[in-house]
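Below: the structure, in structure tokens.
The values are calculated or read from the model by the stated rules, or taken from the named source; none is laboratory data. Computed from a predicted structure; not experimentally measured. Neighbour counts run over all protein chains shown; Cβ positions are idealised from the backbone, glycine included. The area values use the complete protein model at the heavy-atom level, side chains included, leaving out ligands, DNA and RNA. Shrake-Rupley method; radii C 1.70, N 1.55, O 1.52, S 1.80 Å.
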Amino acid sequence: MRQRRIHRWLAGVASLACLLVLTPATGKADNPIVQHVYTADPSPLVHNGRLYLYTGHDEDGSTYFTMKDWRVWSTTDMVNWTDHGSPLSLSTFSWAKQDAWAGQAVERNGKFYWYVPVVNRATGRMAIGVAVGDTPIGPFRDALGRPLVENGEIDPTVMIDSDGQAYLYWGNPNLWYVRLNTDMISYSGGVNQIPLTTAGFGTRTGDAKRPTLYEEGPWVFKRNGLYYNVFAAKCCSEFIGYSTSPGPTGPWTYRGTVMPTQGSSFTNHPGLVDYKGGSYFFYHNGALPGGGGFTRSVAVEKFSYNADGTIPTINMTTSGPPQADTLNPYVRQEAETIAWGSGIETEPAGEGGMNVGWLENGDWIKVRGAAFGAGPSKFSARVASASAGGTLEVRLGSANGTVAARCTVPGTGGWQRWTTVSCPVSGVSGTQDVYFRFAGGSGYLFNVDWWQFTA
């Protein structure tokens, strides 16, 4: 993790133009939604009023799809995202060898099932495993101790129909499905192949072996009685297309393009969800410094379905969606809840959850749309430092904006030896974008676990 700073600096020099576009000097650019690790293959899930996002994780400096674990993030406002770390990895599956690629998590009967493709060590082929957890952020465990299904293909997606029947779809170069049983870890009726016809999935030219546009990454869901299959189309570079059907297994009719080919990643991967009265389209690109086809980043756009249920054309932006709700600064907020960050890392915290760490002078975190009302009188934060500590500055509007508070962080004798510091706040009211800026001497300063304002 610490080597990433060197990698980011080198990548930043090589990608100065990208930096100029994406560094939010005006506080407006919030796509990609995660900046401190590379993410890919988004899978959104709404549970108890919160949106959880399951992603893959591209390793720094990758020159292939080098992926060893999956990550979980969540939000209540679509702009501030909480890092829940990695509750699922290759090591979760004793039979898995490599390639923690694109999966999807769903909830049923109070359990959370995460379907992922990995290489089966025994056969050397891609297989679909399923992990189960008791909460949306895990921890997750191998539900079977073996693959659920294996035919050498990838990218599982799950749809639970209105009649309760669940379907698991997957495939590249083909498209397959099984009918899952209610236990979500077994299936009935065998493995079925969906015919890839040009009527159903569009016409590809120049590749006799693949006559349709379908490539990989299906995302199947039902909305207002219509079934949708949104997928990555025509590698390479891919665009996102979609088909619809009156039933869960077809016949499918190709409907056109959702997101045209764009961005610096030659792959893309869709995930669609409705949340707090809006519809959202998740995808990935290579937009961060050092990014590309093997170092991708997840982003999101808000959209509206057309009156006839068709999906409009959606383009990548650096601004992302509008904030869906304000953030409450008067309850404990995790330090790893971030709209945008510069120079920060996260790690598992000794007191549970995650903390922000490896902070150096000038690093900062932005939180959007905190609703202060009449204003706070005090700011508190949970901190730890194995060095001499430093200063946690609360600034408004930008990383160099007006200082509303300065808390002195002492050395605590360890990076996981925590104490709470507090300091007075002045000049804060209304709804504000808040920047936490970390200041001090050379080297790593301190870690932050959580923060809270007092009214």
Positive-end residue of T431, Q165, V300, charge dipole of the chain with Cβ unit charges
T431
Go through G256, A339, P139 and say which Cα lies farthest out towards the positive end of the charge dipole of the chain; charges sit on Cβ, +1 for Lys and Arg, -1 for Asp and Glu.
A339
So if each residue of separation counts as 0.36 nm, and I subtract the Cα-Cα distance between K222 and T419, what length gain in nm does that give?
66.1 nm
Given a 1.4 Å probe and heavy atoms of the protein chains only, how would you sort D77, D207, largest accessible area at the top?
D207, D77
For every helix of n ≥ 4 consecutive DSSP H residues, a contribution of -39,500 (n - 2.57) applies; sum these over the chain, divide by its total residues, and give [θ] at 222 nm rounded to the nearest 500 deg cm²/dmol.
-1000 deg cm²/dmol
How many percent of the accessible area of the chain is carbon or sulfur, using a 1.4 Å probe?
51 percent
Simple spin-label estimate for S426 and N306 in nanometres, 7 Å along Cα-Cβ:
5.8 nm
Across the chain, how many lysine pairs, 8 or more apart or on two chains, come within less than 16 Å at their alpha-carbon atoms?
5
Going by average Cβ neighbours within 10 Å, how do the peptides 119-125, 218-224, 53-59 rank, with the highest at the top?
53-59, 218-224, 119-125
Could you give the size of the charge dipole of region 298-399 about its Cα centre, using +1 on the Cβ of each K and R and -1 on the Cβ of each D and E, expressed in debye and rounded to the nearest 20?
380 debye
The chain, dipole about Cα centre (Lys/Arg Cβ +1, Asp/Glu Cβ -1), debye to the nearest 20
280 debye
For the Cα atoms of the chain, what angle does the longest principal axis make with the long axis of helix 4-14, in degrees from 0 to 90, nearest 10?
80 degrees
Loop-resident GluC sites (Glu not before Pro) in region 303-391 with no more than 12 other Cβ atoms inside 10 Å, DSSP not H/G/I/E/B, are E351
Rounded to the nearest 0.05, what FRET efficiency do A208 and N174 have when you use their Cβ-Cβ distance and R0 = 25 Å?
0.95
Give, as ranges by residue number, the residues of region 427-455 whose backbone N falls under 20 Å from the point 7 Å along Cα→Cβ of D325.
430-434, 451-453
Once amide H atoms are built 1.01 Å from N in the peptide plane, which residues 5 or more positions from A143, or in another chain, come under 5 Å H to H?
V130, A131, V132
All alpha-carbon distances of region 232-374, grouped into 5 Å bins from 0, give the whole-percent distribution 2, 8, 13, 15, 16, 15, 12, 8, 6, 3, 1, 0
